[in-house]
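To keep things clear, I will list the structure first and then write my remarks on it.
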Amino acid sequence: MNNQEVEEKKLKYEDEIYEELRKRLPKIGKIVETEHGKGKVISLDVLNGIYSVEIENIGIVKVDINESNK
């Protein structure tokens, strides 16, 4: 196996892992319920399992999926 084949295999593996992590997070624009109230998902940090939610009259809160699923 040459270096290019090794790199392509590594990138494919990383892409598969990223996609699996991404599936655990809500989509941007989705309305979700948090401990602070309902809000709209505005950003994702896929690798850390965190998403940001904008909640009216409160602002932006970060939600860690590892904490919110306990």
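The values are calculated or read from the model by the stated rules, or taken from the named source; none is laboratory data. Everything quoted here is computed from the prediction, not taken from an experiment. Positions of Cβ are backbone-derived with ideal geometry, glycine not excepted, and every protein chain shown enters the neighbour counts. Remember, those area values only see protein heavy atoms, side chains included, never the ligands or the DNA or RNA. Shrake-Rupley method; radii C 1.70, N 1.55, O 1.52, S 1.80 Å.
State to the nearest 20 debye the size of the charge dipole of the chain about its Cα centre, where the only charges are +1 on K and R beta carbons and -1 on D and E beta carbons. Don't jump to the answer; show the numbers that get you there.
Numbers: 12 positive and 15 negative charges, 55 e Å.
My answer is approximately 260 debye.
By the scheme Lys and Arg +1, Asp and Glu -1, what is the net charge of all other residues having a beta-carbon under 13 Å from that of Glu54?
Here the charged neighbours net out to +3.
Taking only C-alpha pairs under 8 Å that are 6+ residues apart, what is the relative contact order of the chain in percent?
It comes to 21 percent, rounded to a whole number.
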Give the peptides 15-27, 46-58 in descending order of average Cβ contacts within 10 Å, highest first.
46-58, 15-27
Setting aside same-chain residues fewer than 8 positions from Lys30, which lysines have a Cα under 19 Å from its Cα?
Lys38, Lys40, Lys62
Label 7 Å along Cα→Cβ of Ile58; the range 1-40 residues with amide nitrogen under 20 Å?
25-40
Please compute the volume of the convex hull spanned by the alpha-carbon atoms of the chain and report it per residue in Å³.
88 Å³
Of all accessible heavy-atom area on the chain, the percent that carbon and sulfur account for (1.4 Å):
49 percent
